[in-house]
Every structure is written in C-alpha cells, then in structure tokens.
Amino acid sequence: MVETFNLIKYLTVDRHKGKIIWLLNIGAEKYWNKANSGVIDRNEDMIVNRVEEMNLLICREQDVIILREKPDEAYLINLQQLGFSIPRILIPESSDLLSPISELILKDDRLLRELARIAMNQEDVYFVPYAVTYLEEQIAENCGLKIIAAPSRVNAMVNDKIFNRAVAETLGLEICKGEVCCTVEEIKQEYDNLVNNAPFFEKIIIKEPYGASGKGLYIVESEDKLSPILTRIARLSRNETNSKWLVEGWYPKKADINFQIYISQEGSVDVFSIKQQILRDTVYIGSKSPADVSEDILNTYKEYGEIIGKYLFQIGYTGVAGIDSIITNEGTIIPVIEINGRFTLSTYISFIGNVLGESKIFSRYFKLILDSPHDYKEICSALDREGILYNAETGEGVLVYTSGTLPLRLDEGSGVYAGRLFTLIASKDWSTVDEYSSRLEALIERKFANSLI
C-alpha cells in the first residue's frame, strides 16, 4: 500500500520516501492566458528559463530533475559540499534555451520512454511541476505519472487576479479599495474615484488578470501618465470580447508579506515560509526569511493561510500556492493581493534551513550586464576575495544558488553579456545579514560598474 503523498513531509521528515520527478516550467501564464502580452525579449526569456536550477535546493538524492541544460560542475560540487542532495538530472535531447521545457520534453521520445520506465518500475513516483498547464498533463498521461497538483483549468482560474479578489470578498477578508473594469472608460472613471475620494490615493495600480514578475501591472502616479497606459490597454484588448482589468488604490505599507500554503489531496493545509518580500515598485528582487514581524502577526497569517487553503480545496485546488499580501502603514493586513496557484521562486528557498540550519536568510537578486562572461567559479572567487563568500563552518556569508542564470552568453545584437545573480545571505542576526548585503552591493557596483541592481 503506497503511503499518501504530502510534499511538506517528503521535503522534511520523510526525505527518504518515494521518488519525485521535478520540473520548473516557468512561464506557465502564457498557456493560461492566450492574450497577446506584447513585445517578447528573447534574451530575457533565455535567462529566466535557467532559473530552473533553483529546484535543486529542494531535491532529494533519489529524485529526478529535468533541466534544459547541465548545470555548471563547480556549482553542483559546491551544493553537494554544503549538504544539498544532487538528484539524477535528465536533459531533453534537442534542448535549447528559449523553448518552454515542457514542449521540449513532449518532443523527446527517448525522454518520455525513460519517464515511463521510472513510473513503471516504482509505485511511489510523483510528478511535481512548478505549474500545471495542459502540457504537463500530457507528460503525466503519456508517461503514467501521478501529477501532484490540481487540473490545469483550476490552476488557470486560481492564477486570475480578478478571481483572487473575488475569493477574498467571498471569505470576508480585507481587500484593496478598487473595482474590476471592462473598458478604458471604466478604468478612467475608477482612477478618478480613487484619487478624488477618501482615502485619496496618490497612486493607483492597474492589473491584467494574469502576469508574473511585474508583467501586466501598471502603476499610475499622475493623470498625465494614465493616458498612454489606457492607449496600450485599448490596443491589447482590441480583439478581446471579455477583457477585464483590476484597478486598485496603491497603499503605503509597512511590509510586503508572502506566505506559502500546501493543500494535500485530502484537503489538509500546511502554512509554511512566511517571508518579507523586497520589491522595487512591483518587481520582486528578494525576500527576508523569517519575516521580521511579531509572533501575533505570524499566527494571523497562519490563520489566513488555513482559511484560504480550505476554500481553494473546496473549488478543486491542491498543491502549492504562494500568496502575496501587504501590511499597510496603519497596521491593516490585506491578506490577498494575489494568489499564485503554483510554486513561486520563493518556494524553492523555503526549506533552506534543512541544510544551512536555523539562520536569518535574505535572498538578493541582481541584474548583471557585463562586457565579458562570468561563470559560477569566477563569481564565487570574487566573493571569496571580498571575504563574504558563504562559510559552512560559521554559517554566514553569501551563497550563489544558480549557475545557468549568470552572464555567460552574448546577447543577440547588443554586444554585452546579460544575466541574473541569485544569492542567499545568511547569518544568525539581521544586522550581520545587512552588513553582508551592503558589502555585496559595493562589490557589484565596483566590479561590475555597468550592472543594473
């Protein structure tokens, strides 16, 4: 008799049980939402696709992970030396950096046969993708895999920001002042309402139903900036018969809080990893864990997570969900800004304490634009020379936790090497974490003078 699968237990107390096939198929939003999202940045997409390596932080030794490219050997060795488990790595035969990884898998008969063989040879094998679209369902069906998530249609529904607002209203939770609008005229009317009536918002935000990493969000700071945004919205929705936009007031806030929930297939809800997100405008650049808030606030978030998780289970959702929320300057918790019905990048660093021990962790994210390539070993050497590279004995320092996102390839037509530096800054106290963070920024500004931070 196969034991009931519970992801949180399998990643903590039951790490020896079963086999998980992991897939970080970032970019699922485009399959849930067929609307034209505008100009495609090929170089950016290639970098983003390589964040798949973050998945290695939660793998177990007996697991399997599908990546589009073999990670840097120095990176894998370092992870192993620190105590991370390196699973079996499978790579599609005709892989590239731009195609969605699930499409690559479905075109690879050899890989599909191998996944089917794994599923046939062991009963307790589970397929855990970052998100579920019809592509991952096809992989599971073709290979006889048990997919640990809700159906793609439920995933699409839960990832709709307008639906998220409706969930909060249904549950009687505090929501942002605003309205769902169907036309540019309605958007303009709601803008006027929010800025001219109490509580008199200085800024408003317009949200597309789907979008991630700040895409599909428009912050309007003044009326003269509204017009070009409305023109863009009108163009994007020209051929859409059911366009909807969420228009809300922008609240001055004490903190952006993300909390993760896992809903089992039996309906139990685990609330885990309550982090304080660090954003530049609407774009996530890192997070502090645990969140620097009171025990009472942490307990309140646990209660919200259970309430929301039980509701989502009632509508057919299971698996991981990341929920963004805010605490306003007045201390009001608005628990649902949006629900990501999938893993988030934050999920993959949620269990880092299993390896690094109990520490204060600040994830930092940097954009790098350089005139020469820099691989994992070079970046770590620079940190070491600065005296800030993570030291396992002291449990402090800066850990670079991806290699494939680094500036390794020349951007098409630009003559520069672009990449992303994902780091974890660890220490026993926040003051030391902040010191390491400042030294890291200083190093990047000095060594990579033309970087974007």
Can you report the number of residues in region 399-433 which are surrounded by fewer than 18 Cβ atoms within 10 Å (Cβ to Cβ), outside any loop (DSSP other than H, G, I, E, B) and in contact with a strand residue (DSSP E or B) (Cβ under 8 Å, 6 or more places away or on another chain)?
3
Conditions first: (1) free of Cβ contacts under 8 Å to residues at least 12 places away in the same chain; (2) part of a helix (DSSP H, G or I); (3) aromatic (Phe, Trp, Tyr). TYR191 passes all but one, so which condition is the exception?
(1)
For region 57-124, give me every one of the helices (runs of 4 or more DSSP H) that falls completely inside it and has 1 or more residues that are surrounded by 15 or more Cβ atoms within 10 Å (Cβ to Cβ) and in contact with a Ser or Thr (Cβ under 6 Å, 6 or more places away or on another chain).
73-82, 101-106
From (1) assigned to a helix (DSSP H, G or I); (2) β-branched (Val, Ile, Thr); (3) surrounded by 20 or more Cβ atoms within 10 Å (Cβ to Cβ), pick out the condition that doesn't hold for ILE323.
(1)
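I'd like to know if region 220-229 contains one or more residues that are in contact with a Cys (Cβ under 8 Å, 6 or more places away or on another chain), open to solvent by less than 20 Å² (accessible area, probe 1.4 Å) and in a strand (DSSP E or B).
Of region 220-229, the ones in contact with a Cys (Cβ under 8 Å, 6 or more places away or on another chain) are none.
No: zero hits.
When you look at ASN391, is it surrounded by fewer than 15 Cβ atoms within 10 Å (Cβ to Cβ) and either closer than 25 Å to SER268 by Cβ or out of contact with any His (no Cβ under 7 Å at 6 or more places or on another chain) (or both), yes or no?
Numbers: surrounded by fewer than 15 Cβ atoms within 10 Å (Cβ to Cβ): yes; either closer than 25 Å to SER268 by Cβ or out of contact with any His (no Cβ under 7 Å at 6 or more places or on another chain) (or both): yes.
Yes.
With GLY353, GLY357, GLY316, GLY331 as the choices, which residue is of a type in the set (Gly, Ala, Ser), modelled with pLDDT of 95 or more, out of contact with any strand residue (DSSP E or B) (no Cβ under 6 Å at 6 or more places or on another chain) and over 30 Å from SER152 (Cβ atoms)?
Details: GLY353 fails: modelled with pLDDT of 95 or more; GLY357 fails: modelled with pLDDT of 95 or more; GLY316 fails: over 30 Å from SER152 (Cβ atoms).
Exactly one residue qualifies, and that residue is GLY331.
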Of (1) closer than 27 Å to GLY397 by Cα; (2) without any contact (Cβ under 8 Å) to a residue 24 or more places away in the chain, LEU345 satisfies every one except (2)
Residue pairs meeting the criteria (Cβ under 8 Å; at least 6 apart or on separate chains; first within 10 Å of ALA150 (Cα to Cα), in region 310-324; second charged (D, E, K, R)):
GLY319/ARG342; VAL320/ARG342
Subset tally (residues that are under 20 Å from LEU112 (Cα atoms), charged (D, E, K, R) and assigned to a helix (DSSP H, G or I)) for region 139-159:
1
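Among ASN142, ASN196, which is touching a residue at least 12 places away in the same chain (Cβ under 8 Å) and over 23 Å from the mean Cα position of the chain (by Cα)? Give the derivation first.
Details: ASN196 fails: touching a residue at least 12 places away in the same chain (Cβ under 8 Å).
It is ASN142.
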Determine the pairs where a residue that is under 27 Å from ARG420 (Cα atoms) and touching a residue at least 12 places away in the same chain (Cβ under 8 Å), located within region 260-289, has a partner that is charged (D, E, K, R) and open to solvent by less than 20 Å² (accessible area, probe 1.4 Å) with Cβ atoms under 9 Å apart, the partner being 6 or more residues away or on another chain.
GLN260/LYS275; ILE278/ARG364; ILE285/ARG364; GLY286/ARG364; SER287/LYS275; LYS288/LYS275; SER289/LYS275
Note down all Cβ pairs under 8 Å where the first residue falls in region 70-90 and is at positive phi and of a type outside the set (Lys, Arg), the second is assigned to a loop (DSSP other than H, G, I, E, B) and open to solvent by 50 Å² or more (accessible area, probe 1.4 Å), and they're at least six residues apart or on different chains.
GLY83/ALA392
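The values are calculated or read from the model by the stated rules, or taken from the named source; none is laboratory data. Predicted, not measured: the structure shown is a model, and the values here were computed from it. Every residue, glycine as well, gets a Cβ built from its backbone with ideal geometry; the counts of neighbours run over all protein chains shown. The protein model used for the area step is the full one, side chains on, heavy atoms only, and it has no ligands, DNA or RNA in it. Shrake-Rupley method; radii C 1.70, N 1.55, O 1.52, S 1.80 Å.
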